Amino acid sequence: MTKRLQSERASRRASANAEASEQADSSAPRSADADALTAPTCPHARQCGACQHVEQPYDLQLVHKDARVADLFSGFRGAEVRPILGMEHPYFYRNKVVSPFAPGKKLPPAPGGKGAQAGKTTRGERNRAARDRRAAGRPRHEILCGMYAAGTHRIVPTEQCVVENQNAKRVIQAVRSLMPRFGMEPYREDAGSGFLRHAVVRVGHTSGEVLVTLVTNGREFPGSRAFCRELVKRCPFVTSVVQNVNERQTNVILGEREQTLYGPGFILDELCGLSFRISSQSFYQVNAVQTEVLYRTAVELAHLTGIEHVVDAYCGTGTIGLVAAKHGAAHVTGVDSVASAVRDARENARHNGVGNARFVAEDAGDFMRRCAAEGEPVDVVLMDPPRAGASAEFLDALSALAPARVVYISCNPETQVRDLARLRDSGYAVRIVQPVDMFPHTDHIETVAVLSRKSATKTFIPVTVSPKDMGLDEAKAQPTYENI
Ligand SMILES: C[S@@+](CC[C@H](N)C(=O)[O-])C[C@H]1O[C@@H](n2cnc3c(N)ncnc32)[C@H](O)[C@@H]1O
């Protein structure tokens, strides 16, 4: 991109961002985190692999993201690639914090176990004594938590982080400091031994509710109640604790079995004037401020007029679809393959009083194929697939369904460009690309692309042509096809 183009885009971005943050800010009270007006510096920038550009001024990060998007989408002739919508305060925005636990340096052995001493009669005392016995004589290690160094599974203990929600960070530190007292060994990845693998903390941006998911290597969790009590004492903002059991030797963080240890097992949060229920397994965007910008942009670009049947494909907990159902869709059908996310989506529709949305638990490709086979009329498809993008089956069924507009939201523009090319080959044109900065300081870019059918937008430009222009000065002469 030339310098002139860069500065032109920067000034367009500034006015678009001011408009977007005005809209986002008016609906959500600003948290203390967001009020950190000065740019904090990250003490772990060189070791931690999470934020590749944290040492670069934020404005410059946006210029680079603009250039990358312009380059990636340059193959779609006629598409309007808009400047990225950035954040006003791009710090402490991550409302989901995940930390692994692992043993660090060896420590001197603990004092000998006291055993089940006479007089220990309450359940709590017996549990404590059992924990002491388990810990006695075992080599002790420092417990590490934090982020992985780039491209490795080596933990960088990140005591401070400039992108993570600070309450979530406090929870991670509190869990670590409670572990020895409750005999909870950190997980050893190489041996598949130890107990606590990860803690996943989710914070409701507007509600402030906090869900802590403890991922354990095994179901037995003696003293779990006392652990929760102690955790809540240290972090009173924690509203729910869930134990997730994952005994497989895998990089996948969550296992399938779960039990709620404290509170309702989910949190509520508000987005675009709707309230959403978030459980440990359901997908929920990590940057709530920018999620509002993203959803508003997607729904605006869908141009809903009150008569459209909208499909929200890869709907998660139904967030985008429910915003569309509230803002102009006649009816919304959401589809996601994760049954618990669909349960949450139905519950979200119910408690928000949205009656014009239904949700289906099914593979999105299968669902689209079925709709195409049954001749279901669909006017607009909103789609937000995972990083890998959509399957060829999904895209082909989408083309067969032939909605007038497709709004494709993606957290991986590379796979999005691949999928858009397939849709272009089957009769769609990319009209607008709007990037949104959901992940400041990192390489990641979120993009919303709007497509419509090529044939649907044949435009007729009125042109006045006089006989003189056609070289037919003699008005009497009848123009022939050749003349014209
Ligand atoms: C990027 S998330 C989007 C969720 C939602 N639109 C949101 O903004 O919260 C992708 C979603 O795709 C779902 N998913 C992944 N593969 C799928 C498939 N083959 N069929 C249907 N849903 C799928 C995941 O469960 C996840 O909820």
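Laboratory data are not the source of any read-out in this text; all were calculated from the coordinates shown. Remember, it's a predicted structure, so these values are computed and weren't measured experimentally. Neighbour counts are summed over all protein chains in view; Cβ atoms, including those assigned to glycine, are modelled from backbone coordinates with ideal geometry.
Miscellaneous remarks
- The GluC sites (Glu not before Pro) of segment 180-244 that DSSP puts in a loop, and whose beta carbon has at most 11 other beta carbons within 10 Å, are 220.
- Here the relative contact order of segment 242-354, from alpha carbon pairs under 8 Å that lie six or more residues apart, stands at 22 percent.
- Simple rule: put +1 on each Lys or Arg Cβ and -1 on each Asp or Glu Cβ in segment 216-262, find the dipole, and look at 236, 217, 262; the Cα lying farthest toward the positive end is 236.
- For peptides 424-435, 308-319, sequence by mean Cβ density within 10 Å, most packed first: 308-319, 424-435
- Using only side-chain charges placed at the Cβ, +1 for Lys and Arg and -1 for Asp and Glu, the dipole size of segment 138-225 relative to its Cα centre rounds to 220 debye.
- Separation of segment 313-330 from segment 221-277 is 26 Å, based on Cα centroids.
- Principal axis extents of the C-alpha atoms in segment 228-284 (largest first, rounded to whole Å): 41, 30, 16.
- Within segment 201-284: Cβ-based charge dipole about Cα centre, in debye rounded to nearest 20 (Lys, Arg +1; Asp, Glu -1): 220 debye
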